[in-house]
Amino acid sequence: LLLLLGILGAPALGDPGPLEDVVIDRYYIPKICLREAQMGDFIRYHYNGTFKDGKKFDSSYDRGATVAGVVGVGRLITGMDRGLQGMCVNERRHLIVPPHLGYGSIGVAGLIPPDATLYFDVVMLDIWNKNDKLQITTLSKPERCNRTVENSDFVRYHYNGTLLDGTPFDSSYSKGSTYDTYVGTGWLIKGMDQGLLGMCAGEKRSIIIPPFLAYGEKGYGTVIPPQASLVFSVLLVDFHNPKDGVFLEHLEVPESCKRRAVTGDFVRYHYNGTLMDGTLFDSRCGR
């Protein structure tokens, strides 16, 4: 009977027939997934698109630019819209999109024939939403903190900068010098202006900045693509304000003090000298 069915052209045993929905193979899922792509999220991703025989019809890699857009609102073919939802940053998926969820019986002239099943290999690089806010995580903080950064302060800090998928784009450490600038005066991107406020000297922070508080639709040169979220690991080394005077703190005062030093007195004293972040630069105590 099976032989007769095969001769008559009936579907072979095990052939599922035409796909009704997109097939999703999550072949790499990162161990840490802080967020999944949801309907209405703005995403950036790379992909290779092929037919069943492996012939490539499109690739973001070949164009040298990631794809950016809103997921789940009809701006992508239906199969891709469905296949991208729920993805984590750095997750990789293999999608099989049947014709009715792709380009249907019309296809794309000169590129995709009618009734073509499409195969996509996708890696998610970035996820954000217009409702996102700055994400600040304090990694470490000194026990003593007499003052924190305010607008108009001049700051010196070290940083490592990466995209959301971990791709590095800049580092002050590799340049061998701190980044020195004013806060809250328009010299920094808005997200960094906000992310440095309230820091103590010697404090370390992780600052995740959505694109609309960074470089937005234009990106920056060849290192930061359009619509990219930025992640900064920041160590605040020093800060001051042009209006500052000398700051004095009495750590210990003897009960009896019959005379205090005045201008013209000859004095002997010990000292430890540090930078604001605690780095020792000189000490008389060790001599």
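The values are calculated or read from the model by the stated rules, or taken from the named source; none is laboratory data. Quick caveat: nothing in here was measured; it's all calculated off a predicted structure. Counting neighbours? That spans all protein chains shown, and the Cβs are built from the backbone with ideal geometry, glycine included. All accessible areas refer to the heavy atoms of the entire protein, side chains included, with ligands and DNA or RNA removed. Shrake-Rupley method; radii C 1.70, N 1.55, O 1.52, S 1.80 Å.
How high is the relative contact order of segment 135-240, given as a whole-number percent (alpha carbon pairs under 8 Å, six or more residues apart)?
Numbers: 229 pairs, mean separation 39.8, N = 106.
This gives 38 percent for segment 135-240.
Extending 7 Å from Cα along the Cβ direction at Asp25 and again at Glu255 yields two label points whose distance is 8.3 nm. Report, in whole Å, the centroid distance computed from the Cα atoms of segment 85-160 and segment 238-252. Each part's Cα centre sits 43 Å from the other's. Toward the positive end of the charge dipole of the chain, with +1 on the Cβ of Lys and Arg and -1 on the Cβ of Asp and Glu, the farthest Cα among Tyr159, Phe239, Ala228 is that of Phe239.
Between Glu36 and Thr185, the simple label model (points 7 Å from Cα in the Cβ direction) yields a spacing of 4.7 nm.
Look at the dipole of the chain built from charges on Cβ: of Gln135, Pro211, Thr263, the Cα furthest out on the positive end belongs to Thr263. In segment 23-128, taking the dipole from charged Cβ atoms about the Cα centre, the farthest positive-side position among Val23, Gly74, Leu125 is held by Leu125. The calculated P(r) of the chain, using every Cα pair and 10 Å bins from 0, goes 5, 20, 22, 17, 12, 9, 6, 4, 2, 1, 0, 0 in percent. In a reduced charge model with +1 at each Lys and Arg Cβ and -1 at each Asp and Glu Cβ, the chain shows a dipole moment near 820 debye about its Cα centre.
Accessible area per residue was computed with a 1.4 Å probe on protein heavy atoms; Leu248 scores about 130 Å².
With the simple model of a label 7 Å out from the Cα in the direction of the Cβ, Asp282 to Phe154 spans 2.0 nm.
Report, in debye and to the nearest 20, how large the dipole of segment 23-128 comes out about its Cα centre when Lys and Arg carry +1 and Asp and Glu carry -1 on their Cβ.
140 debye
Think of it this way: in the chain, Cys257, Cys285 stand alone, with no other Cys Cβ under 4.7 Å. Checking every one of the trypsin sites (Lys or Arg not before Pro) in segment 90-194 against DSSP loop status and a limit of 16 other Cβ atoms within 10 Å picks out Lys130, Lys133, Arg144, Arg147. Heavy-atom accessible surface of segment 23-128, averaged per residue, reaches 51 Å², computed with a 1.4 Å probe.
May I ask you to derive the relative contact order of the chain, considering only C-alpha pairs under 8 Å and at least 6 residues apart, and to give it as an integer percent?
Taking the mean separation of contacting Cα pairs over the length of the chain, I get 15 percent.
Its relative contact order, with pairs defined as Cα atoms under 8 Å and 6+ residues apart, puts segment 23-128 at 37 percent. Could you give the dipole magnitude of segment 119-227 about its Cα centre, charging the beta-carbon of Lys and Arg +1 and that of Asp and Glu -1, in debye to the nearest 20? Its charge dipole is roughly 320 debye.
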